[in-house]
Each structure stands twice: as C-alpha cells, then as structure tokens.
Amino acid sequence: MSRVIVSKDELDRQREYCVLIGDLFRRVKVSSDRFPTYSIKTYGCQLNESDSEKMAGYFELMGLSENENTPDILLLNTCAIRENAEERLFGNLGHFKALKTENPRMIIIVCGCMMKQSSDLERLRKHFNFVDLVFGPQDIHTLPEMLYHRVSEGQKIVHVSDEDYLPDDDDLPVLRKRRFRALVPIMYGCNNFCTYCVVPYTRGRERSRDYRRIISQLEQLSEQGYEEVMLLGQNVNSYGKDLPGAPEFPELLNEIAINKWFSRIRFMTSHPKDVSDRLIDVMAKNSSVERHLHLPFQSGSNDVLKRMNRGYTRERFLDTALHYRNEIPEGTISTDIIVGFPGETEADFEMTLDLMRRVRFDSAFTFIYSKRPGTAAEKFTDEVAPGVISDRFSRLLHLQNNHSLLSNQSVIGNLEEILIEGISHTNKSVYTGRTSSNRLINFTIPEDSFPVDGSFQITPDNEAWLEGKKAMVRLIHAKTFSIEGRLESFL
Ligand code: 5AD
Ligand code: SF4
C-alpha cells in the first residue's frame, strides 16, 4: 500500500461529476415522479460517521434530498471491527432487497471497512448480487464518479483500493449531522497492529493531515458557529509523527484551545502508549478541552497485553490514568475492554478486574473477543470456552456498572454547564446534553425558563434553537448510564 495525497484538482473533478449526475437525474429520473432521494446508514465508529457526512455532502451537491423511509439511493457504510457488526449488515441487506423489489430502480451502495475483508466481499458478490456499487473506505472521495458510471452505463461497480488516500478534507463537501458539532479527522489509518484488530488492514497506514490546513479549517468552522469540535483519529496521539517537523497532538490541541474557537474540544481515540504528560498538561490548562479521556486498556494482564501487541504494561497504564486523575480531578476516564482474548486465564481476567478497581473507570465499552480474518490473533489456537467468556463478561459488566453508578452519584447536587444535544428520543418532555466530562444528562426545563414567552411547544424550529445551546443544569438523580437533572438557566 502506498500513500497518495488526493489533490484539489481531483476533488474538483469529483464535484463536476456531482453536477453531471444532477443533470442526469433531472433527465432520466431514477424514480418516475420525483427527483431521487438518498439515505445513509452508518455502522461503527465516529470515523465512519465522518465519512458518511462527506458522502451526504456529495449527495446534496447532486441535488438529492434525504429520505430515510423510501430512498432511491441507499448507502450502507459498514464496519468490520467485530463479527456481530458484519452479521448485522448481512441481516439488514435481506430487508433492503425487499425495498428494491418494490422500487426496482433503487440503487444500493455498500462501502466501508467490511469491503476490505475479502471474505465479506466474496459473500456480498455471491449472495447479494442486487447491490449496485461497492467501494472501500479509501475510495469515498470518488463516489460521484462511480455513481455517474453506474447510473449512465448501468453496470455494477466494485472498486476497493489499496492506496492509502489522504484527501484534504476541507476540499470535500460535508453535510454535518449535528448543527453544533463538527467531526474533524486529523489523521487516518493505524500503524499499531494490535493482534486482534482489523483496522490497520481496512484503513491502512497512519497519515496525518497537514497542520496548517487543519487549523484554518477549524477557524472556518468556528466562524460558521460550531460550538463543539471532535478531533478524530484511530490514535490521535500519534498525530504528526509521519510529518517531519510538524507539531504533535498536544500542540495542535493547545493551539485550538488558545484561539478560543470552540466552547468544547473533544478528541478520540487516545492510545495509552502515546499519551504524554504534555497532553494531560494541555488538557488541565485549557478549560475548553473536554474533561474526559477515552483510554482503552483492553486487558489488565501484562501477558495478554503483550500478546495483543499493545505496547504498554498495566503498570504504565496505571501511571498514566492516575496521573490524569491527579491533574484533572473533576475529569472522567472511559475505556474499552476485551474479554476472552485467546489464552486469557482466570488469573489474567482477575488482573483486568483489579485494574478496573484501581482506576474506577467512569464508563466503559466492553467487548467479547471476536476472531478477525487476516489478523495475527486469528492464528492463536488457545481459545477461551464460550461459557467461560460469558461468565467473565457478566462479572466484568457487574463491576463496571457499579463503578459507573458510583461515578454518576459523586456529582449529584452539582450545578454543571452542559451543551444541549436535543430532545430525548424516549421522552419528548426531556432534553439531553453532555457535561464537559462527557456525562449524559437528561433534564427537564421548567416552563418559566424559556426565554420566549414562558410557554414552549416542541416543534422542529425550537428543537433547532435548543441544539448547541449551553445551560446550567442541577444534577438530581444518578443512573448507571445517565443523570437526571433540571435546568436552572440558559447561558
Ligand atoms: N474483538 C473484540 N473487540 C475488538 N475491538 C477491536 N477489535 C476487536 C475484536 N477483534 C474493540 C477494542 C477497541 C474497540 C474500538 O473495539 O476494544 O478499542
Ligand atoms: Fe486497532 Fe490497535 Fe489501531 Fe486501535 S490502535 S485501531 S485497536 S490496531
């Protein structure tokens, strides 16, 4: 695989295809009585979310509008991290086939990390031949060109590149899903080759975006009114290592913070082996940087960590986590944990529980090990029995749920600044938002708090008004995954 910078000229060429497709649709119309619509379903991580925002940007340039229920173009952006993510996609494809039977001119596009797995690609070709267009995570910038050929010439297209493309994101059109939050990848790919992980194979080698271009993009986003920026990368702490002379991640974070462009700066993911004292120092000194660190530890056993090729020991992880706790006492730490990695003994697992007790993670994403084709761990033979894994998994969940609840209980009574995200999906008189420490807050708004006229009907307009507003919320009741609160004032 080689690294290829995608030029502005190339991206301009793709924009021209958007115009051509728009013209084509105006003439032939995919569906007979109206201009075509699109829908994007995104599986997996924030980087996929960000890719989907770019592809939505292309669709909008073509003049298409979004229609979740009866789209003429359906795009599925897939994830290969664990087998269950893949099975979910194949399960859903059966349903989409039925939609295509109802609307035969529908175009189904499948892209993302699964397309880099040859076994998945084969299965797709063999059993799901109604899919019209297939491409990999490195090819999203060429969506307009591929779609144009599909629509104008009719043949199915499969195009999965091995090149490590680095498109200059500020030249790509983007339709952002949240009006207050800008997802901004600062780097792509991963060089770490953890033995269980497909990402280095699906997303290629690490490549950092140009420092100055990131900075000027962020300045523009701030001028456009985004309150929150989320800097993305598989391992943001190795930002710049492939760019001779470029500042490293803590300096990037510091520059963004001192410019005061955003009220909240978030970032993910940090690899424990690359978190430096300097990073923690920059976080501590800049209040706009979130009071939250996502630091996946995966296993508390040095033996397992070694076989996972994680590049740190439990002692070093503990040092980093406890240093963070000392420097930013109000901050939270979340983590990722894998249970049942091949060869994990009861003693190894106990070390995982022990590490959890020492750090008391405020929240955790917990996973059962999933064997991935092409990874080094695929060949590890000492698999843990499923019954043992599920027993360990429930013990782990039990401990973490305790810790999560205790963590939420520790802030009850506080008045905290939150950034409002919108109306709760489950209860329309409840609003949701997050603290700077990334705690999820579900809160009510007393009638007389609305600045409008004391009464507030929930309409799309005032929901839009609320999104991205800041407010002071009293935290009242702790649950395991969220906190209930009451708004005291808007900011
Ligand atoms: N099996 C289980 N969990 C995995 N993860 C990555 N690969 C696997 C796998 N093969 C988890 C890790 C990582 C998170 C994004 O997904 O915990 O941090
Ligand atoms: Fe996968 Fe490890 Fe890279 Fe994370 S750091 S993407 S777990 S290989």
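Our helix-only sum for the chain, with -39,500 (n - 2.57) per DSSP H run of n ≥ 4 divided by its residues, gives a mean residue ellipticity at 222 nm of -11500 deg cm²/dmol. Under 13 Å from a label point set 7 Å out along the Cα-to-Cβ vector of S7, no amide N atom of the range 133-165 is found. Here r is the Cβ-Cβ distance between A385 and R123 and R0 is 25 Å; the resulting FRET efficiency, rounded to 0.05, is 0.35. Note that the range 158-168 has calculated 3J(HN,Hα) couplings of 10, 9, 10, 7, 9, 5, 8, 5, 10, x, 7 Hz, one per residue in order, obtained from phi through the Karplus relation 6.51 cos²θ - 1.76 cosθ + 1.60 (θ = phi - 60°); glycine and proline are x. Close amide H contacts of D72 (hydrogens built in the peptide plane, cut-off under 5 Å, sequence separation of 5 or more or a different chain): T37, Y38.
Annotation: extensible slack from L99 through E223 equals 40.5 nm (criterion: 0.36 nm per residue apart, minus Cα-Cα distance). Between the alpha-carbon centres of the range 248-268 and the range 322-385 there is a gap of 28 Å.
Relative protection proxy for 39-48, 90-99, 321-330, 126-135, from highest mean packing down: 39-48, 126-135, 321-330, 90-99 (other beta-carbon atoms within 10 angstrom). Extension gain for R395 to T366 (0.36 nm times residue separation, less C-alpha to C-alpha distance): 9.3 nm. Label positions at R179 and A376, each projected 7 Å from the Cα along the C-beta direction, are separated by 4.9 nm.
Here K273 is the anchor, and the lysines within straight C-alpha reach of less than 23 Å, apart from those fewer than 8 places off in the same chain, are K241, K285, K306.
Given R0 = 35 Å, the distance between the Cβ atoms of L318 and N427 translates into a calculated FRET efficiency of 0.30.
Using a cut-off of 20 Å between Cα atoms, the listed pairs K8/K177; K8/K54; K41/K469 include K8/K177; K41/K469 as exceeding that distance. Averaged over residues, the count of other Cβ atoms within 10 Å places the peptides 233-239, 336-342 in the sequence 233-239, 336-342, highest first.
Computed from the coordinates by the stated procedures, all read-outs in this text should not be read as laboratory data. Everything quoted here is computed from the prediction, not taken from an experiment. No Cβ is skipped: glycine too gets one built from the backbone with ideal geometry, and neighbour counts run over all protein chains shown.
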